[in-house]
1. First check a/c for the range 373-431, with a ≥ b ≥ c the square roots of the eigenvalues of its C-alpha gyration tensor; if it is under 1.5, answer rounded, and if not, answer prolate when a/b is larger than b/c or oblate otherwise.
2. On alpha carbon coordinates alone, what is the Rg over Rh value for the range 56-146, Rh being the Kirkwood radius?
3. Counting just the Cα atoms, what span does the range 227-319 cover along each of its three principal axes? Round to the nearest Å and put the largest first.
4. Using the C-alpha atoms of the range 156-302, what convex hull volume per residue, in cubic angstrom, is computed?
5. Cross-link partners among lysines for K308, C-alpha distance below 25 Å, same-chain residues fewer than 8 apart left out?
6. Apply the a/c threshold of 1.5 to the C-alpha gyration tensor of the range 66-217 and tell me whether it is rounded, prolate or oblate.
7. Any idea of R62's accessible area? Nearest 10 Å², probe 1.4 Å.
8. Express in Å², to the nearest 10, the accessible area of S74 obtained by rolling a 1.4 Å probe over the protein heavy atoms while all chains stay in place.
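The values are calculated or read from the model by the stated rules, or taken from the named source; none is laboratory data. Note that this is a predicted model, so its numbers are computed, not measured. Here the Cβ positions follow ideal geometry from the backbone for every residue, glycine too, while neighbour counts run over all protein chains shown. We work out accessible area using only protein heavy atoms, side chains counted, and drop any ligands, DNA or RNA first. Shrake-Rupley method; radii C 1.70, N 1.55, O 1.52, S 1.80 Å.
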Amino acid sequence: MRRSLLTVGGAVAAAGCVVGLLYLGPAEDPHPVPAAPQAAAPQAGSAPAATAGLAVATARRRTQRAPDDPTAWSGLARAEAEEARVTLDASRLDAADEALRRSLALQKTDNYAAVTGQGVVANARHAFAEGRDFGLRATRMAPDRADGYAVLADAQIQLGDYPAARAAVQRLLDIAPAGAAYSRAAYDLETNGRPKDAAIALQRAVDSASTADERAFAQARLGELAWAQGAVDRAERHFRLAADAVPGYAYAEAGLARVLAVRGERSKALGMYRELTGRAPLPQFLAEAVELGGSSSSSSGGSVRSEKAALDAEVRLLRASGGAVDPHLALYVADHGDPDVAVELMRGEWKRARSVIVADALGWALHRAGHDAEAVGYARKAARTGWGNALFRYHRGAIEHALGLPEGDRHLREALALNPDFSPYHAPLARRLLKPTRERHATDTKTT
């Protein structure tokens, strides 16, 4: 039976779904698709890291036994890229590149594994136009093999070509209806405002998971989906299942820290973030810690100086070296650093990727830098798929509010209705903007 993205629904047993959290999502058979690793410390000692390390060692031995076998070198590249995804150590991508060069030197034409491997590495580096080209080459080379469609879908999503991404995921579902296809289907469905169908797809990804890492990924995504709808208890349940599947799973721990924070246990939440960012200093986790610490009325607010320092160092490094910009980092700069720098970073990223996530971050950076008339255009681009994303709605509402547009308050209310705890820093600001002007003025006078 052909699984259709368009017919996913509660009663559809064989529904397809989409989405892909590319930078996190499981990849094609037999290994998950590498995410987009950031410069971060390896999660030494974790089960997925150990498994990925063992796979690399096995693949290296295979190349030693058969140094003239192009497939062996492509296999090593895949293992290196997977290790990069699991450990969040982007330096492993250089090793993947080297293995791919060896494979292509041995077989210059019809080397499907090497072409898809190049696409995986390009996507992981946020070189999405290159990733799309490799994906197209692979799907033309072998229209009935799945890996090329996974590469193509991931690239098209980040480039903002959602119809093309959906077509690639649909083909992936037709060829290989397993975790990689379901997780990408879920992303597509969520992005297009269909969270219930996305949850069905992710549950299928859980049910079809062949490894603990795949199960943890899908459970963590279910947790994020529940969190986005303000369902804290349900989110916690999925985050705990992800942590049970893979102890120390970074995205599960970040989710559980957020749950602790909304339940009033901010000190514990900050402690959890501190442990997490010590081994996985991704901009998302660091920025969440900073905003939680900064929103606290206790002395814990001053305890996030190291997290701020780490983020500021990443910004300096990025401006010096160039390269892909993590929107989480740009949003941190917009709110807690120099908004003009955030605009500079996101204008550069907009040339590489035109996803709704990049549009939202650029719009917010422009707003924070005082360019509201231009900002609102990007905020509307971010809304074009209908994603029920509270942060997007808040950003758009705040920009429209600054411009005096009547729809601003409606979008602010929608953000809080989607998830009243969407951000410890911005949710209170959204409520403050919704206060009548006179009441807000009285509050300002009282606090000064």
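1. Details: a/c = 1.84, a/b = 1.29, b/c = 1.43.
It is oblate, given that a/c is not under 1.5 and a/b is not larger than b/c.
2. Working: Rg = 12.5 Å, Rh = 13.0 Å.
Radius of gyration relative to Kirkwood radius: 0.96.
3. That gives 38, 29, 22 Å along the principal axes, largest extent first.
4. Values: hull volume 17.2 nm³, N = 147.
Dividing the Cα hull volume of the range 156-302 by its residues yields 117 Å³.
5. Hits, sequence-local ones excluded: K268.
6. Working: a/c = 1.88, a/b = 1.58, b/c = 1.19.
Note, shape of the range 66-217 comes out prolate.
7. My reading of the accessible area for R62 is about 110 Å².
8. 10 Å²
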